[in-house]
Amino acid sequence: MRPHVVIIGAGFGGLETARRLAKAPVQVTLLDRRNHHLFQPLLYQVATAALNPADIAYPIRAAVAAQQNVRVLLAEALAIDPEAHTVALDGGGSLHYDYLVVATGATHSYFGKDQWAQFAPGLKSIEDALEIRRRIFLAYEAAEREADPVVQREYLTFAVVGGGPTGVELAGALGEIGLLTLKKDFRSIDPTHVRVILFEGTDRVLRAYPPKLSTAAKRSLEQRHAEVRLNTFVTAIDATGVTVKTAAGEERIGVRTTLWAAGVEASPLAAFLGVPRDKTGRVVVNADLSIPDRPEVFVIGDLAKMMIAVGAQEEVPGVAQGALQGGRHVANIIATEAAGKRSERPAFRYHDKGNMATIGRAEAVVATKSVAIYGLFAWLMWWAVHIFFLVGFRNRMLVMLTWMWSWLTFQRGARLITGPVGPLPPITTIDRHGQIRLPEGGKTVELRDLPS
């Protein structure tokens, strides 16, 4: 009988593993609790209305439809029993495996302050992106209705916690939404007065990049009305503001929309493996990406603490390339052993192809071992690479055409507010004498006294 390979998670690592086993003498079961593979590097573009969810997602079944040895199950793995070689599934039942590949990734980490999640959503799924998009555009709608200039200003202020690639990309897009996309759409507010505040606990943004690129990214953000606050730690978040701590002391900032991009922690499924994990919950894997004392169990992607090479001190970064290369490595080992060609397993070696992040229109940073560039050319490189790695020809064409349209029109075509709208500020009334009547108390304020 063919060995049964169970792969948990159809992200970059899991899907790559399944595809690389297409010609191997194995039977593969690919599990995921969603029916689509998500191109996570472009998720922030869904959150900021540049793309639609379907543009960056692809049905898992369609991705492996041509592989007769792959079965796809819409299921959530609830537990793993390494002794019995089984995976327990939601709804009852379990799967027995000969090889297991765990690629369930990571989720948000609020550093022990999980109560902040309701006020500062993170960005890991399409649901997260739609919730962020809803909050962003509701903030402008609320500001349009708000008569109190102080509260109105708070609605036009956006806070982003974390200065990594996701935080920088979100902050840049938030600035462009007010400065470019919405600048002519409102009458009571001026969207170009948008204020974005990016909080970073270290001395520069994009710490994984060379210092000159961090400086370029900071300058580019400031041109988009984003205020970058370095060496600043968030100590409290609620529905109306953020409290931060710096060397000068604590400060309370009024803000109605806060987004979280500061930390991640490994999927809780790792706890069932019974092996050492680091402080973020990632599994400490062997050189071949298997776990200690369990050569049939592999962990890849953001769930694994992988080193770039045997004996190296540097870890594989939590990017798509790390997961893709890990998936290929594991698939090669399984295919070799399933074919009866058992030999000493090769150690995983990460090939660093560089990092890239976009700040906004015609602005990006790209860092490789030999190149560190920023500006328009870097943005074109970022554009081409992301188009190339999207799954599905339709998605590549749609994203390319959408970006071209956005470039020409300065517009974002997915500005939909979905889900519950919730309470908005009461409507004010302007009388025939040019006075605005506030909803409570009946007092009036001259229009000329209101903020422009």
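All of the numbers you see were taken from the coordinates with simple rules; none came from a lab. The model shown is predicted, which means the values in this text are computed figures rather than measured ones. Cβ placement follows ideal geometry from the backbone for every residue including glycine, while neighbour counts extend to all protein chains displayed.
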(request) Tabulate in residue order the Karplus-calculated ³J(HN,Hα) for the stretch 20-36, using 6.51 cos²θ - 1.76 cosθ + 1.60 with θ = phi - 60°, rounded to whole Hz; enter x for Gly and Pro. (result) 6, 9, 4, 9, 7, x, 9, 10, 10, 10, 9, 9, 7, 7, 10, 8, 10
(message) Between the stretch 35-81 and the stretch 334-376, how far is it from one alpha carbon centroid to the other, in angstrom?
(response) 21
(request) Using amide H atoms built 1.01 Å from N in the peptide plane, name the residues 5+ places from residue 307, or on other chains, whose amide H lies under 5 Å from its own. (result) 316
(message) Can you give me the Rg/Rh ratio for the stretch 209-304, using Cα atoms for both radii and the Kirkwood formula for Rh?
(response) 1.15
(message) Explain nothing, just the number: relative contact order of the chain, from Cα pairs under 8 Å at least 6 residues apart, as a whole percent.
(response) 19
(request) State, to one decimal in nm, how far the label point of residue 400 lies from the label point of residue 380, with both points 7 Å from Cα in the Cβ direction. (result) 1.6
(message) Quick check: the angle from helix 211-222's long axis to the longest principal axis of the chain, C-alpha only, nearest 10 degrees?
(response) 40
(request) Could you compute the FRET efficiency for residue 408 and residue 54, with r as their C-beta to C-beta distance and R0 at 25 Å, rounded to 0.05? (result) 0.65
(request) Calculate, for residue 370 and residue 183, the FRET efficiency according to 1/(1 + (r/R0)^6) with r their C-beta to C-beta distance and R0 30 Å; round to the nearest 0.05. (result) 0.15
(request) Would you tally the net charge around residue 399, using a Cβ to Cβ cut-off of less than 15 Å, leaving residue 399 out, and scoring K and R as +1, D and E as -1? (result) +2
(request) Set the Förster distance to 30 Å, then compute FRET efficiency between residue 1 and residue 90 from the Cβ-Cβ distance, nearest 0.05. (result) 0.65
(request) Calculate for the chain the 222 nm mean residue ellipticity that helices alone would give, adding -39,500 (n - 2.57) per DSSP H run of length 4 or more and normalising by residue count, nearest 500 deg cm²/dmol. (result) -8000 deg cm²/dmol
(request) Would you work out the relative contact order for the stretch 114-262, in percent, from Cα pairs under 8 angstrom that are 6 or more residues apart? (result) 31
(request) Extending each Cα 7 Å along its Cβ direction at residue 293 and residue 117, get the distance between those two points in nm, one decimal. (result) 3.2
(request) Write down the Kirkwood hydrodynamic radius of the chain, to one decimal in angstroms, obtained as one divided by the mean of 1/r over all alpha carbon pairs. (result) 23.8
(request) Only bridges with both residues in the chain count here: give the DSSP antiparallel percent, nearest 5. (result) 55
(message) How tilted is helix 320-338 with respect to the longest principal axis of the chain? Cα atoms for both, answer in degrees (0 to 90, nearest 10).
(response) 20
(request) Find the centroid of the Cα atoms in the stretch 249-281 and in the stretch 113-165, then give the distance between the two in whole Å. (result) 19
